[in-house]
Amino acid sequence: MRKCIAPTLYGELNSPGQFLALTELQFIYDKTMPERLAAYKLLACQKYNLKVFVSVVYFLPPAADEKVQTAYHDEFMGQLTQVDFQVIKLWKMEARQVLSYGNPMLYPFVPLMRGGNSEEVIRKCARHIRQQPQAAELEAILAIFASYVLDVKTIRQIVRWEMPLVQESPLIQELRTVWIEQGIEQGIEQGERKAKIESLNQILTIRFGVSLGRFEMQFRKLPLPLLKDMVEIALTTTDLSSFETELAKFSNS
């Protein structure tokens, strides 16, 4: 999952210190990230004729053998290209410190931070969120990210998980869109069926802790349209048993 946020202008209009801030959100580490961020920066510089500060926010740590890059570096025929960017790792951030900032837009991401995987901290996030005008959407997103660190039964005791809201929320739709886009991009290189199966495996692993490949044989038997439906279900279902029920229906249809 990745999403590039539109550049944000900082500084007074036409002032010497004016610059653009460009941020990319990534759920899972992407090896092509350095090249892409370098391209974003250069295109933004050309389009707006301003300095550009680039950063990327990672939600989950990469595999043990993966190193998160903090720059794009290339040498070719004596020519050197170097583009640096800021890397923000949510799992390295202290949950209690982030809560002290008092920014409600950060609360849904606290479960992914250091010390944010406890029931006490997530309850505190929910209490703060309910005081906000956009509480319903923020709480729904908190429930999604909390499901990566707590069991569904506990989450239901802490937050209000309303399926119509989860399916209709613009913020949830945005998360769903970028996740599906990842599958489409992989499909261009590896074949759409394989990409959908890989996306399903990743989503189930992240949301419910399912071992990779647990449903592989069942997925392989499904036609592409049903695999697309299963991706949608995996993103919105409240628990693993509900997903398994839907998968059984599709497998027997």
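The values are calculated or read from the model by the stated rules, or taken from the named source; none is laboratory data. Model, not experiment: these values are computed from the prediction. Heads up, the Cβs are rebuilt from the backbone with ideal geometry, glycines too, and the neighbour counts pull from every protein chain shown.
Within the option set GLY115, GLY102, being on the phi > 0 side of the Ramachandran plot and touching an Asp or Glu at 6+ places or on another chain (Cβ under 9 Å) holds for one residue only, GLY115. Within the option set VAL110, VAL98, VAL83, VAL149, being at pLDDT 90 or above, surrounded by 12 or more Cβ atoms within 10 Å (Cβ to Cβ) and among the hydrophobic types (A, V, I, L, M, F, W, C) holds for one residue only, VAL110. Only a single criterion out of (1) touching a Leu at 6+ places or on another chain (Cβ under 9 Å); (2) in a loop (DSSP other than H, G, I, E, B) is not satisfied by VAL83, namely (2).
Matching residues to (1) in a helix (DSSP H, G or I); (2) closer than 24 Å to THR205 by Cα:
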| position | (1), (2) |
| --- | --- |
| GLY102 | no, no |
| MET105 | yes, no |
| VAL110 | yes, yes |
| GLY116 | no, yes |
| VAL121 | yes, yes |
| LYS124 | yes, no |
| GLN131 | no, no |
| ALA140 | yes, yes |
| PHE145 | yes, yes |
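Taking the conditions exactly as written (modelled with pLDDT under 75, small (Gly, Ala, Ser) and not assigned by TED's automatic domain parsing to the domain that holds LEU106), does GLY209 satisfy them or not? So GLY209 does not fit the description; no.
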